[in-house]
Amino acid sequence: MNNKTGLSLVSLHTAAEVEQFSESWYRKTDKHPEFELSYHMNSKSIKDVSFIKGRVMSGHAPCPRGRYLPNFGSRDASVIQESFDSLKTSADTVASFEGSILVLHAGYTMDGPVYTKYIKRKKVLEEYDKQSDYLWLKEGSICKPGYGNSEEYKVHMKETLKNLMEAAAICMDRGVRLAVENLNPRLTYLFQMPEDFVRMTEEIDNIFICIDIGHLWVSSLVHNYDYFTALQLLTSTGRVVSAHIHDNPSNSGSNPNYSDDHRTLGTGVVPITESVLHLVKNSSANLVIEAASDPLKNLETLDRIVSLQD
C-alpha cells in the first residue's frame, strides 16, 4: 500500500512554528512535510499558513473554527443547518489547500449545539451528564459499557446517518472525501463502536473512515471489545482513508484509567507499531500524527515504523 505520513497542525500554533518545522523536516529528509489542518485554527491562522497549499492532505472540521462543532445527530433544524454550513466551509477550505479529505466528528446524543470553546462545551456536557442514566465514571465523563445499545444512542445515530448522506455528497461536489472519525467513550459521543462504521458504509456511498487509534484503544477497553479485531473490521470495509496516530496510558486493570491525552508515541500503552503496520498492510490511509507535542520526534518515529513494512 502507498501510505503518506504527515502532521496535524494541532501541535503547531503559529505560522512561524509551521515554517520552522517544515524547514527542520526538509533538512532531515530532503522532503517537504504534509499536513492536516486543525479544527483549532481560525480564519486568520488558516490564511497565515497559505504557504503550505499543495502540502495539505486533509482538514479536520470545523476548519476554520466557528462557534459550534458540527452535530449531525441533532433533531433541531437550526443546529443541523449550522452543521451543514460549517461542513461546507470546511470542505471549501480543504479544497482551497488542494487537500482531498475532510475528517469529521459526526454527531452527539444531544439535540443542542456543541460549542467549540472548551469552557462552554464542558458546561453544557456536564449538565447533560447530571441528567443521564448512562454516566459510568465522572472523571472524563466516561459512558457505561453498552452505551452503544442504548435507545438515545440509536436515535441520534439514525439522525446522523440520515444527515451524513447529504454531507458526503456536499464534500464530493467539492472534490473532497468525507471521513468520519471514531470517537472515545465519552458520554454523548457517537461512533464509539466499530459496528457503527460497518452500518455507515453499508448505508452510504462515497463516505469514508478516519481511524483514530488512540480513541479506538480507549473505547475497546470501556466497551470490552478486542482492539485488533475492531481495527481489522474497520479496514476490511475498504473505506479507511486516514488515520490519527497518538498514544495514551489508558488501561482497565485494578486501577482503571481512561485518558485520551494525545501523547507522544511510545509514552503510553497503545500498540502503536502493530497498529501502524496493520494500517500499512491493509489500507492506503494517510497516517497523521495527532499528538499534542513533539511533532518532529513523532513524525520521525512514524516514518521509522512505516519503513519496517518495506
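The values are calculated or read from the model by the stated rules, or taken from the named source; none is laboratory data. Note that the coordinates shown come from a computational prediction; the quantities given were computed from them, not determined experimentally. Cβ placement follows ideal geometry from the backbone for every residue including glycine, while neighbour counts extend to all protein chains displayed.
With respect to residue 154, is the statement that it is out of contact with any Gly (no Cβ under 8 Å at 6 or more places or on another chain) and closer than 20 Å to residue 208 by Cβ true? Taking the combined requirement at face value, the residue does not satisfy it. Candidates 86, 22, 78: the one that is closer than 23 Å to residue 209 by Cβ, of a type in the set (S, T, N, Q) and not in a loop (DSSP other than H, G, I, E, B) is 86. The set of residues in the range 288-300 being surrounded by fewer than 20 Cβ atoms within 10 Å (Cβ to Cβ) and more than 22 Å from residue 102 (Cβ to Cβ) consists of 293, 294, 296, 297, 300. All of 55, 65 fail the test of being within 30 Å of residue 154 (Cα to Cα) and either in contact with a Ser or Thr (Cβ under 8 Å, 6 or more places away or on another chain) or modelled with pLDDT of 95 or more (or both), apart from 65.
Of everything listed in (1) within 16 Å of the chain's Cα centre (by Cα); (2) in a loop (DSSP other than H, G, I, E, B), the single unmet condition for residue 91 is (2).
From the list 106, 167, exactly one residue is assigned to a helix (DSSP H, G or I), at pLDDT 95 or above and among the small types (Gly, Ala, Ser). Which is it?
On the way: 106 fails: assigned to a helix (DSSP H, G or I).
Checking each option against the conditions leaves just 167.
All conditions but one from (1) in contact with a Ser or Thr (Cβ under 6 Å, 6 or more places away or on another chain); (2) under 30 Å from residue 139 (Cα atoms); (3) in contact (Cβ under 8 Å) with a residue 40 or more places away in the chain; (4) among the hydrophobic types (A, V, I, L, M, F, W, C) apply to residue 285; the one that does not is (2). The residues of the range 25-45 that are under 18 Å from the mean Cα position of the chain (by Cα) and either part of a helix (DSSP H, G or I) or under 24 Å from residue 276 (Cβ atoms) (or both), listed by number, are 34, 35, 36, 37, 38, 39.
Considering the range 13-71, the residues that are surrounded by 13 or more Cβ atoms within 10 Å (Cβ to Cβ) and of a type in the set (Ser, Thr, Tyr) include one that is nearest to residue 120 (Cα to Cα), namely 68.
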